[in-house]
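Trainee: One structure, as structure tokens, below. Some questions next.
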Amino acid sequence: MESDPPESPRFPQTSGVGTVSADDLTSINRRSFLTTIGAVAGATSIAGCSTFDHESDAATTEMSEERARELAEQFAPTLYFDEHEQWFPTDPRAYTRANGEETVVDGFEALDGYTEGSKESDAPPDPTVFFHAMEYEDSPLAVVQFWYYSVFDQFTTNFHWHDWEVLHVFVDTDSGEPQLYVGSSHSSSVPNNEFLDPETQQVPRILSELGSHSSALSVNDVADRFQRLPIDGTIADITNSAIESIENIANIPLAYGLPRDEGSRLPYVVPELDDKPLYEHGQLPSVSRDDLVAEELTIRSFADLTSPPGDLADRSTGVVFQSAGRDEEVGDVEYDLVPTRELEHITDFSGPQLSFEFAIPAFAEDAIASHISTTGVPWEQPRYNDPAADISDSNHRAVLADRYSAIAEPASVNTVITNVTEAISSDKAPDGEGVTTGDLSVESIALLESNAEAVPTFNGIAVVRDVQSGEHRLTVNAPGAEPHSETLVISTDGSGPTSAGAEGNVPLVARENAMKLEVGTNESETDLTDLVLEDDFAGRLYDAPLDGPDAVYVHRGGAYTTEVRDAEGEVGAYRINPSTENYVRLEAPRTGKESLSNYLADIAGETATAVEAAGTGNETGDTTNGGTSGGQNNAIQGLTEALEAVVEAAQRAANDAANGNKKQANQNLDTVIERLERVQNRLDEAAEDLPKDLERAIGHRLDQSQKRSNQALAAKKL
């Protein structure tokens, strides 16, 4: 016997809700967000729910035709499309043909026929939404599914012939109350958009992503806007769990919404077939360039852009579809509701695999781009007869499992998350000697090569679900930026998601500002295991396992410490100042006292030169950025000499280590540590006479030097 569904908390709604800004996404308190989930005693791990590993849900039986249509008419969604949308829900039966004893829908015939029909009627041809309803055995839980077919999909990370999207509405047939909406997102690697305990009286609303038709939900007063978080007393459009493992995005719920609705920029790409753009193919005579996603939203080449584009348009609503016969008229087009059983004779939706129009470095080759092939038929998918298989949030599955014995408890899965930013020059650093990170002006693409399925970011956040345990390579790319690629290891200890990047962040670099840093290990006598890159001002920018040669793109306006670690836990460090260089290679880097001592000499020498130059500038009356005039300042001269003394002691330590004299090397490292303390004292004395940016830079470098000198002294390896 099932328990009655508990009342879930409702939130007051106010009219005039606008779009959600990036500031809004990070300002909400985590506790206040988690209260929106409702009926869940504590938040479960963001590792999430596996639709493949949990115990089996109860069997389902198909509803009677009369009852199925009754539910379908009650919950038939209103669909809001982007003003640039080209492919609306239609009836694929218009494009069927016989293939032997089978019935198939051919991609060429569907795309060309739909395009021709749309032009002839100046309206979407055959607007149709299909429904399928079933109920779980020995349970009041039932589900009505709404399937909508488009002849083509064109998105940032994928494109293919035919596209099926689905909305699941879970309903308690005893009370008549809807329990959960599940709107399909881009793929099984991306969380669906879900809402627990929606209002009974409100018709479900779907915001369809341009080109991909990913189904975001809208339950707010502003029907055609997506709101990720409950802000100013309003209710959020999804109740998915919050990301918990990266501090600065810990309050953002895990799901794929509408980035363009949230002020982000999403570039589209043009599909290619037989080495030419799709619209030039001979089997598509009705399709022109104007019949794809608009040119102003399209990137024709990542390589030709020197910086990420910032002029891509926000989302704006165009055509609205609503179910025929609704009393309230809100749509431009009325669609027919047709049971899916009228389609189940179709055995395939066919079409040749498409390609990206241009190469996307390292991860979009046809050999691994399985996500740009054709779609399957819905009635052969597990979720067709077990809709709970599509619940991607563990909290939602746990709630339904508590209410209905037909639903199995969730099981944890492995999830990879990261926050993609852009490395830019820091205005707090000396010119060309420090960077910081900021928001990327365009959304990026992330791919675990082992998954062969790319996912887009939303507000810079990349989330990949259902990742197998073991070693993977993650690549992140954005138009106008150099790609980022790193190895990461997914554990099975149940500790939650794996954060990729340095402390959960991946900073990309605009191509015009990028320098490639290569680390060669083939000739190295050391078994290197890790590579870390830190900037004086931005801190840690790269931190990944190292197994063979590696490379990372850095902003040439930074000043970097490159750290390597080996299998024995020993550390080595190298100073990198790229300036105008486009390429730097560390050949066979080493760990131990010699490497660290040479680093100490390099960074102290670099700083002494900068301090001396500042003092010389002051002799001529240069007061830029806080400096004073009136001759060579004794404090600056004292700071320069203290730094040069560090250089001398560090070089002696490096020579001793190279000659195998560990005891003498340690004595000189003790001297380095003492002299660094003197540098700190001299810096305090000279602070008023130094440019403020240089003073800040010296402070950061002293922190690094103190850290590396202690590592050098503790190193067992020479």
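Trainee: Do any residues in region 53-79 that are under 20 Å from D138 (Cα atoms) have Cβ atoms under 6 Å from those of residues that are of a type in the set (S, T, Y) and assigned to a strand (DSSP E or B), where the two are at least six apart or on different chains, and which pairs are they?
Mentor: A58/Y136; T60/Y136
Trainee: Return the total of residues in region 237-251 being farther than 26 Å from V319 by Cβ and assigned to a loop (DSSP other than H, G, I, E, B). Walk me through it before giving the result.
Mentor: Going through region 237-251, the residues farther than 26 Å from V319 by Cβ turn out to be 239-251.
Subset that is assigned to a loop (DSSP other than H, G, I, E, B): 239-241, 243-246, 250-251.
The total comes to 9.
Trainee: Among E648, E674, which is among the acidic types (D, E) and within 18 Å of Q704 (Cβ to Cβ)?
Mentor: E674
Conditions (1) closer than 21 Å to E648 by Cα; (2) basic (K, R); (3) touching a residue at least 40 places away in the same chain (Cβ under 8 Å); (4) buried (at least 17 other Cβ atoms within 10 Å of the Cβ), marked per residue:
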| site | (1), (2), (3), (4) |
| --- | --- |
| R678 | yes, yes, no, no |
| R682 | yes, yes, yes, yes |
| A686 | no, no, yes, yes |
| D689 | no, no, yes, yes |
| L702 | yes, no, no, yes |
| Q706 | yes, no, no, yes |
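Trainee: May I pose another question? For region 499-520, state whether one or more residues are out of contact with any Pro (no Cβ under 7 Å at 6 or more places or on another chain), touching a residue at least 24 places away in the same chain (Cβ under 8 Å) and among the hydroxyl-bearing types (S, T, Y).
Mentor: Yes.
Trainee: Give E563, E644, E594 a once-over and let me know the one that is at pLDDT 95 or above, open to solvent by less than 60 Å² (accessible area, probe 1.4 Å) and part of a helix (DSSP H, G or I). Step through it out loud before you land on a result.
Mentor: Details: E563 fails: part of a helix (DSSP H, G or I); E644 fails: open to solvent by less than 60 Å² (accessible area, probe 1.4 Å).
Step by step, each of E563, E644, E594 is checked, and only E594 is at pLDDT 95 or above, open to solvent by less than 60 Å² (accessible area, probe 1.4 Å) and part of a helix (DSSP H, G or I).
Trainee: Restricting to region 570-591, count the residues that are part of a loop (DSSP other than H, G, I, E, B) and within 12 Å of G558 (Cα to Cα).
Mentor: Going through region 570-591 one residue at a time, the tally reaches 5.
Trainee: Does region 317-331 include one or more residues that are of a type in the set (A, V, I, L, M), closer than 26 Å to T156 by Cβ and at pLDDT below 90? Can you show your working first?
Mentor: Step one: list which residues in region 317-331 are of a type in the set (A, V, I, L, M), which gives 319-320, 324, 330.
Among the residues that remain, those that are also closer than 26 Å to T156 by Cβ are: 319-320.
Subset that is at pLDDT below 90: none.
Looking for residues that are of a type in the set (A, V, I, L, M), closer than 26 Å to T156 by Cβ and at pLDDT below 90, one finds none in region 317-331, hence no.
Trainee: Here is a follow-up. Among T487, T529, T475, which is the only one that is on the phi < 0 side of the Ramachandran plot, free of Cβ contacts under 8 Å to residues at least 40 places away in the same chain and not in a loop (DSSP other than H, G, I, E, B)?
Mentor: After ruling out the rest, the residue left standing is T529.
Trainee: Next up: Can you pull out the residues in region 301-356 that are farther than 30 Å from S425 by Cα, under 25 Å from the mean Cα position of the chain (by Cα) and surrounded by 14 or more Cβ atoms within 10 Å (Cβ to Cβ)?
Mentor: R315, T317, L354, S355, F356, listed by residue number.
Trainee: Right, another one. Name the strands (runs of 3 or more DSSP E) wholly inside region 65-132 in which the number of residues that are open to solvent by less than 20 Å² (accessible area, probe 1.4 Å) is 1 or more.
Mentor: Filter on region 65-132 gives 78-82, 102-106.
Trainee: Could you check region 224-246 and list, in sequence order, the residues that are under 14 Å from E262 (Cβ atoms), among the charged types (D, E, K, R) and touching a residue at least 60 places away in the same chain (Cβ under 8 Å)?
Mentor: D224, R225, R228
Trainee: Give region 242-297 a look and list any residue that's at pLDDT below 90, among the polar types (S, T, N, Q) and open to solvent by 20 Å² or more (accessible area, probe 1.4 Å), or say none.
Mentor: S245, N248, N251 - these are the residues of region 242-297 that are at pLDDT below 90, among the polar types (S, T, N, Q) and open to solvent by 20 Å² or more (accessible area, probe 1.4 Å).
Trainee: So, one more: Criterion first (assigned to a loop (DSSP other than H, G, I, E, B), open to solvent by 20 Å² or more (accessible area, probe 1.4 Å) and among the acidic types (D, E)) does D224 satisfy it?
Mentor: Against the criterion (assigned to a loop (DSSP other than H, G, I, E, B), open to solvent by 20 Å² or more (accessible area, probe 1.4 Å) and among the acidic types (D, E)), D224 qualifies.
The values are calculated or read from the model by the stated rules, or taken from the named source; none is laboratory data. Here the structure is a predicted model, which is why all the values come from computation and not from measurement. Ideal geometry is used to build each Cβ from the backbone, glycine not excepted, and the neighbour counts take in all protein chains shown. Areas reflect the complete protein model, heavy atoms only, side chains present, ligands, DNA and RNA absent. Shrake-Rupley method; radii C 1.70, N 1.55, O 1.52, S 1.80 Å.
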